[in-house]
Amino acid sequence: MKKRRGCIFAIVSIALLLSIFAQSSFSRAGIFSPANDQQGGGMNMRHEGRDMEVYYTIQAALSFVNMFLSILLLGVYVDTYRRIRSEFSLSLAIVSIVLFSYALSSNPLLHSALGFGGFGLGPFAMMPELFSCIALLILVYISLR
């Protein structure tokens, strides 16, 4: 049990470090700069500058962690399906693919790469990622138990 917890902690830590590295690399290259993007439709934005970038950095990091956790869950559920051929484990594998798709599509790096930037949600932009990360951590914990 301790070995699995250590493995999960290592995976989450590596995902978090990789996401922070990727975000900072993209930010320096000018690919990811929601602070400079004013797609708010002329709204009066209170959180301009570096303040906005912090929220989107956290959202990008959580999105990468969610992608890694979804892939981990997919592996666990596919392995379970191979062993017992249960429709329930197959449906859980499909749910993990959907959660991966959500994490990928909600990543602000993808939004920025496709030409859509931040629009001023502030900390509320990262809250869905935080809640889905908590849910994925619970699913990983239960699945590896």
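The set of residues from region 90-134 being surrounded by fewer than 19 Cβ atoms within 10 Å (Cβ to Cβ) and polar (S, T, N, Q) comprises S91, S101, S105. Here S24 passes the criteria (1) at pLDDT below 50; (2) in a helix (DSSP H, G or I); (3) among the polar types (S, T, N, Q) except the one numbered (1).
Does region 66-97 hold any residues that are farther than 16 Å from S143 by Cβ and either aliphatic (A, V, I, L, M) or touching a residue at least 12 places away in the same chain (Cβ under 8 Å) (or both), and which are they?
Just the residues of region 66-97 that are farther than 16 Å from S143 by Cβ, to begin with: 67, 85, 87.
Once the filter is applied, which keeps residues that are farther than 16 Å from S143 by Cβ and either aliphatic (A, V, I, L, M) or touching a residue at least 12 places away in the same chain (Cβ under 8 Å) (or both), region 66-97 yields only M67.
The values are calculated or read from the model by the stated rules, or taken from the named source; none is laboratory data. Just so it is clear, the model here is predicted, and its values are computed rather than measured. Counting neighbours? That spans all protein chains shown, and the Cβs are built from the backbone with ideal geometry, glycine included.
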